[in-house]
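The values are calculated or read from the model by the stated rules, or taken from the named source; none is laboratory data. Here the structure is a predicted model, which means the values were calculated and not measured. Don't worry about glycine lacking a Cβ; one is built from the backbone with ideal geometry, like all the others, and counts go over all protein chains shown.
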Amino acid sequence: MTDEQSRSERAFETLAIHAGNTADPLTGAVVPPIYQVSTYKQDGVGGLRGGYEYSRSANPTRTALEENLAALEGGRRGLAFASGLAAEDCLLRTLLSPGDHVVIPNDAYGGTFRLFAKVVSRWGVEWSVADTSDPAAVRAALTPRTKVVWVETPSNPLLGITDIAAVAEIAHTAGAKLVVDNTFASPYLQQPIALGADVVVHSTTKYMGGHSDVVGGALITNDAGIAEELVFHQNAMGAVAGPFDAWLVLRGIKTLAVRMDRHSENATRIADMLTAHPKVTQVLYPGLPEHAGHETAAKQMKAFGGMVSFRVEGGEEAAVEVCNRARLFTLGESLGGVESLIEHPGRMTHASAAGSALEVPADLVRLSVGIESGDDLLADLKQALG
Ligand SMILES: Cc1ncc(COP(=O)(O)O)c(C=O)c1O
């Protein structure tokens, strides 16, 4: 049976544990070792054992993770980076040249926006912002020079939903590539390549790692030409995942399916409680039937994930107070770990978007709902809301 065949016949939960995780050929260790090594002995000049020559180009622990990532997203090639932004940077400099144009979403991680606005734009790449949850708005934002449409769904921090299949068709008709940041959903809940995306981006720091103990990023593609160029640029630019970080992400992924089920279950209970709470003016969670993207999310996601945002009566100070009063929800940036986090996007994760089209409401609170007891989480939020 070829790898391709066994991949397509196995369920996600099985691939998460087994893809790329072959027993160590030397010792039989069932978990891939951390190959903490920079270089490899050659049997005569050019005589590589197993194809490894230098760990920026390739490292066996990173290879295990990259094979796993490709299998989970249904892609031909996965690449692991030092951070989500390192992955994004490599992708943008692979797909774009001076004079090109990119469509970016009106809601995205603040660091992604900063990369476009402050770094990539200096290389002569133009960008414009569109509400990607509205396919007509994406079509209207295209120019003859558009090479990339960038989508984050669900989006950070407003939990907007973009119809991946619809936007893929629009992008492809215009000769552009569709990039989907799948960090919030993870491949367990949503597989953008099957819906038409050309490249999937992850901050593996989040749900893939799952334990708030590693920073990493990933790119996965099914396009052989893009894959080849990405492999070249990953080595040429050098922001690769180190062996220990790759190992941590690979370990985290083994429990991704069970974690995402529990994240989604707890988040649904919390969204329901917040919806009925008198001090909450709006709850943003794609699992709620009244959410504008609910139908699309139900179509393209297996469940609705662990991220919930809400707006608080009393404005910015009231929202900050809720964050400060939480006890079980830890006040901190990032998301996707087993422990619940709370934050104020306007002053924390999205401060870099202030004054731009991506500025977030001042009364917004974002939750990364963990996998603790749902009862304990509900009790903590109720006391934080006062
Ligand atoms: C949706 C999303 N994409 C990308 C990133 C960037 O990833 P990293 O922090 O690993 O560089 C983040 C970080 O918060 C994110 O939330």
Examine region 281-303 for a residue that is more than 19 Å from residue 188 (Cβ to Cβ), surrounded by 17 or more Cβ atoms within 10 Å (Cβ to Cβ) and in contact with a Lys or Arg (Cβ under 7 Å, 6 or more places away or on another chain), and state whether such a residue exists.
no
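Confirm whether residue 327 is basic (Lys, Arg) and in a loop (DSSP other than H, G, I, E, B).
Here the answer is yes, as residue 327 does meet what is asked.
Can you work out which of the residues in region 40-66 that are of a type in the set (Asp, Glu) and surrounded by fewer than 19 Cβ atoms within 10 Å (Cβ to Cβ) is farthest from residue 23 (Cα to Cα)?
43
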Residue under evaluation residue 152, criteria (1) touching a Leu at 6+ places or on another chain (Cβ under 9 Å); (2) among the charged types (D, E, K, R); (3) within 11 Å of the ligand (Cβ to nearest atom), criterion not met
(1)
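Could you check region 176-186 and list, in sequence order, the residues that are away from the ligand (no atom under 14 Å from the Cβ) and either of a type outside the set (A, V, I, L, M, F, W, C) or out of contact with any helix residue (DSSP H, G or I) (no Cβ under 7 Å at 6 or more places or on another chain) (or both)?
Quick first cut of region 176-186, residues away from the ligand (no atom under 14 Å from the Cβ) only: 176-178.
Result: 176, 177.
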Elements of type helices (runs of 4 or more DSSP H) in region 148-245, at least 1 residues being hydrophobic (A, V, I, L, M, F, W, C), without any contact (Cβ under 8 Å) to a residue 40 or more places away in the chain and assigned by TED's automatic domain parsing to the domain that holds residue 107
164-173, 224-237
Any idea how many residues of region 191-216 are under 21 Å from residue 254 (Cβ atoms), buried (at least 24 other Cβ atoms within 10 Å of the Cβ) and more than 11 Å from the ligand (Cβ to nearest atom)?
3
Scan region 253-307 for residues that are part of a loop (DSSP other than H, G, I, E, B), within 19 Å of the chain's Cα centre (by Cα) and not hydroxyl-bearing (Ser, Thr, Tyr) and jot them down.
254, 286, 287, 293, 301, 302, 303, 304, 305, 306
Picking from 56, 114, 10, which residue would you name as being under 26 Å from residue 236 (Cα atoms), of a type in the set (Lys, Arg) and out of contact with any Gly (no Cβ under 6 Å at 6 or more places or on another chain)?
114
Could we say that residue 30 is within 16 Å of the ligand (Cβ to nearest atom), without any contact (Cβ under 8 Å) to a residue 60 or more places away in the chain and either out of contact with any Lys or Arg (no Cβ under 6 Å at 6 or more places or on another chain) or in a strand (DSSP E or B) (or both) here?
no
So which of 87, 108, 82 ends up being closer than 23 Å to residue 187 by Cβ, at pLDDT below 95, aliphatic (A, V, I, L, M) and within 16 Å of the ligand (Cβ to nearest atom)?
108
Could you tell me which numbered condition residue 204 fails, if it satisfies all but one of (1) under 20 Å from the mean Cα position of the chain (by Cα); (2) under 30 Å from residue 379 (Cβ atoms)?
(2)
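What residue, of 346, 332, is buried (at least 18 other Cβ atoms within 10 Å of the Cβ), within 16 Å of the ligand (Cβ to nearest atom) and either at pLDDT 95 or above or within 30 Å of residue 103 (Cα to Cα) (or both)? Before you say what the answer is, go through the steps one by one.
On the way: 332 fails: buried (at least 18 other Cβ atoms within 10 Å of the Cβ).
Going through 346, 332 in turn, the sole match is 346.
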When you look at residue 49, is it assigned by TED's automatic domain parsing to the domain that holds residue 241, of a type in the set (D, E, K, R) and under 17 Å from residue 247 (Cα atoms), yes or no?
no
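Give me a count of the residues in region 367-386 that are buried (at least 21 other Cβ atoms within 10 Å of the Cβ) and more than 27 Å from residue 209 (Cβ to Cβ). If you could, list the steps in order and put the result at the bottom.
Here is the first cut: in region 367-386, the ones buried (at least 21 other Cβ atoms within 10 Å of the Cβ) are 367-371, 377, 381, 385.
Of the ones still in play, those that are also more than 27 Å from residue 209 (Cβ to Cβ) are 385.
Result for region 367-386: 1.
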The lone condition residue 128 fails out of (1) part of a strand (DSSP E or B); (2) of a type in the set (S, T, N, Q); (3) within 16 Å of the ligand (Cβ to nearest atom) is (3)
If we keep just the residues of region 36-79 that are in contact with a Ser or Thr (Cβ under 7 Å, 6 or more places away or on another chain) and part of a loop (DSSP other than H, G, I, E, B), which is nearest to the ligand (Cβ to nearest atom)?
75
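Going residue by residue through region 275-282, is there one that turns out to be closer than 26 Å to residue 73 by Cα, of a type outside the set (Val, Ile, Thr) and either out of contact with any Pro (no Cβ under 8 Å at 6 or more places or on another chain) or assigned by TED's automatic domain parsing to the domain that holds residue 379 (or both)? Break it down into steps so the answer makes sense when it comes.
So in region 275-282, the residues closer than 26 Å to residue 73 by Cα come out as none.
The answer is no, given that none of the residues of region 275-282 is closer than 26 Å to residue 73 by Cα, of a type outside the set (Val, Ile, Thr) and either out of contact with any Pro (no Cβ under 8 Å at 6 or more places or on another chain) or assigned by TED's automatic domain parsing to the domain that holds residue 379 (or both).
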Scanning region 120-164 residue by residue, those at positive phi and either in contact with a strand residue (DSSP E or B) (Cβ under 6 Å, 6 or more places away or on another chain) or among the aliphatic types (A, V, I, L, M) (or both) turn out to be 159
